[in-house]
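To start, the structure under review is shown below, and the notes come after it.
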Amino acid sequence: MPDPRFFNRAGPFTLGALAKLSGATLSENSDPLLKIRDVSPLATAKLNDISFLDNKKYVADLKVCKGTACILEPAMADKAPADMALLLTKTPYKAYATVATALYPDPKTIPFVAPTAVIDDSATIGTGCSIGFGVVIGPKAIIGARCVIGPNVVIGAAVRIGEETRIDSNTSLECCDIGARVHLYAGVRIGQRGFGFAIDASGHQKVPQLGRVIVGDDVEVGANSTIDRGAGPDTVIGDGVMIDNLVQIAHNVQIGKGCVIVAQVGVAGSSILENHVAVGGQSAINGHIRIGAGAQIGAQSGVMRNVPSGERMLGSPAVPARQFFRRLALIERLTKARGK
């Protein structure tokens, strides 16, 4: 059960309402009027709780689960206790996300401006915003309606932020436009100077970084991640991109819609990630290369060259997944042979 000190629960909801909301189908013997009060893992669920099964590793927990209901694939229905109500769907994790969001919705924005906030007279603040203590908003900045600006956030001159965006504490923004319904977690830095130098033995000359960062709608940027502004062209983050904690996006990078970038990834300057690319944790992507739409980059990969659309890459330097596993198998055989 989520700690009520930190998370406010809504509901209860009937099982039928949750099925409709999530697009799942109730199993034949499930009562649509059953009340669901909370979400819980299979191992700790109790009466009036709902759980989900998306990984077969947890089938044993399902078999002894004490919860009232579970969201799972139809093929797994026979693994559930006979008296358990079931929401059947081919995408149980997504359905669970919808159900959990209904029971634990984001808190409503309460209009507020802290007395210690410093807001330039030329800035525009939309209706219904919450602006925390120690916030600084620079000249001609534009903040959309119903935004939440956490404590000690610094928003530079002329920055534009779309409506219903949430910016958590100690974040700084400059030279950027941020879309609607974006969530920037604590400590994010967007729009700082990119890492650009003319290298010379007599001394390195800084190259002016004259672009912006453009962040689309419905984007999340995890804690302490950084996105540099462009050197001339803009750095662009497409709609619906999910960026984890401690990610570095360099100047001029173009990231397409729906990409997922996991923690500690570094993307070097002027690279392009087309739509729906997934990049595993601690991977590094070289500068000036293109990753095709739908490609998957495995964790700790080092991508040195262009990647075709839909390709799966592993290793450092990264190679197609089949090639990577063939190499591993060959090394294993050689090691065993030498051991004999």
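Provide Rg over Rh for the stretch 1-55; use the alpha carbon set for both Rg and the Kirkwood Rh (inverse mean inverse pair distance).
Taking Rh as the inverse mean 1/r over Cα pairs, Rg/Rh reads 0.97.
Step through the table entries Lys20/Lys108; Lys20/Lys90; Lys57/Lys257; Lys20/Lys57; Lys46/Lys79, compare each Cα-Cα distance with 22 Å, and write down the pairs that go over it.
Values: Lys20/Lys108 24 Å; Lys20/Lys90 15 Å; Lys57/Lys257 32 Å; Lys20/Lys57 28 Å; Lys46/Lys79 18 Å.
Violating the 22 Å Cα-Cα cut-off are Lys20/Lys108; Lys57/Lys257; Lys20/Lys57.
Which one, Arg322, Arg37, Arg305, has the greatest fluctuation when you compute a Gaussian network model over the chain with C-alpha springs under 10 angstrom?
Fluctuation is largest for Arg37.
With a Cα-only, solvent-free Debye model of the stretch 186-260, what are the log10 I(q)/I(0) values at q = 0.12, 0.21, 0.23, 0.24 Å⁻¹?
Values returned for q = 0.12, 0.21, 0.23, 0.24 Å⁻¹ are -0.34, -0.85, -0.96, -1.02.
Suppose the chain between Val59 and Thr44 were pulled fully straight at 0.36 nm per residue; how much longer would it get relative to their current alpha carbon spacing?
Details: separation 15, 0.36 × 15 = 5.40 nm, distance 1.39 nm.
Additional length available on full extension: 4.0 nm.
Per the Cauchy relation, a quarter of the hull surface: what is the mean projected area of the convex hull of the alpha carbons in the stretch 256-319, in nm²?
3.2 nm²
Can you run the Rg to Rh ratio on the stretch 212-320? Use alpha carbon positions and the Kirkwood inverse-distance Rh.
0.93
Do me a favour and compute the ellipsoid semi-axes for the chain from its Cα gyration tensor, root of five times each eigenvalue, largest one first, whole Å. Walk me through the numbers before you get to the answer.
Values: eigenvalues 314, 225, 44 Å².
After scaling each eigenvalue by five and taking roots: 40, 34, 15 Å.
Quick one: length gained pulling Ile142 to Arg290 fully straight, 0.36 nm per residue minus the C-alpha distance?
Contour length minus the Cα-Cα distance gives 49.9 nm.
On alpha-carbon atoms, Rg over Rh for the stretch 32-80 using Kirkwood Rh?
Taking Rg over the Kirkwood Rh, I get 0.94.
Restrict the search to the stretch 63-128; then list the chymotrypsin sites (Phe, Trp or Tyr not before Pro) that DSSP places in a loop and that have at most 15 other Cβ atoms within 10 Å of their Cβ.
Passing both the DSSP loop test and the Cβ count: no residue.
Rounded to the nearest 500, what is the chain's calculated 222 nm mean residue ellipticity when only DSSP H runs of at least 4 contribute -39500 (n - 2.57) each, over all residues?
My calculation for the chain gives -4000 deg cm²/dmol from helical runs alone.
Which whole-number percent is the relative contact order of the chain (Cα, under 8 Å, 6+ apart)?
7 percent.
May I ask you to list, by number, the DSSP H helices of the chain whose Cα span along the axis is at least 24 Å and whose average Kyte-Doolittle hydropathy reaches -0.5 or more?
Working: long enough: 321-339 (27 Å, -0.40).
Passing helices, by number: 321-339.
Go from 0 up to the bin containing the longest alpha carbon distance in the stretch 10-127, width 5 Å each, and give me the % of pairs per bin.
With a bin width of 5 Å, the distribution comes to 2, 11, 21, 21, 13, 5, 4, 4, 5, 6, 4, 2, 1.
What would the Debye formula give as log10 I(q)/I(0) at q = 0.11, 0.16, 0.19, 0.20 Å⁻¹ for the alpha-carbon point model of the stretch 128-259, no solvent?
-0.36, -0.72, -0.99, -1.09
At what distance in angstrom do the alpha carbon centres of the stretch 297-335 and the stretch 41-100 lie from each other?
Going from one Cα centre to the other spans 35 Å.
Quick note: the coordinates plus some simple rules give every number you see, no bench work behind them. Remember, predicted model here, so these are calculated numbers, not experimental data. When we count neighbours, we look across all protein chains shown, and the Cβ atoms used for this are built from the backbone with ideal geometry, even at glycine.
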